[in-house]
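So the structure is just underneath, and the comments pick up after that.
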Amino acid sequence: MNEPIDVRTTVLLLAGGGAAYVAFQHPAFGAALLVGVAVVTLLHVLLERR
């Protein structure tokens, strides 16, 4: 459980943080960013290593 964070997790965290920041600064883009984050989350779940 004390493994280092892999690159994929780091990229997903950065993408989510960037999307949240842009949605906070520009609320008009919030809905589109929400869809984008939902797609990234879905891909993360579907491509999860087993």
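The values are calculated or read from the model by the stated rules, or taken from the named source; none is laboratory data. Remember, predicted model here, so these are calculated numbers, not experimental data. The protein model used for the area step is the full one, side chains on, heavy atoms only, and it has no ligands, DNA or RNA in it. Shrake-Rupley method; radii C 1.70, N 1.55, O 1.52, S 1.80 Å.
Probe radius 1.4 Å, ligands and nucleic acids ignored: give me the carbon and sulfur share of the accessible area of the chain as a rounded percent.
73
Calculate for the chain the 222 nm mean residue ellipticity that helices alone would give, adding -39,500 (n - 2.57) per DSSP H run of length 4 or more and normalising by residue count, nearest 500 deg cm²/dmol.
Result for the chain: -24500 deg cm²/dmol, rounded to the nearest 500.
On a 0 to 90 degree scale, rounded to 10, what angle separates helix 30-46 from the longest Cα axis of the chain?
Roughly 10 degrees, rounded to the nearest 10.
Which of the following values of Rg/Rh (Cα atoms, Kirkwood Rh) was calculated from the structure shown: (1) 1.53; (2) 1.07; (3) 1.10?
(2)
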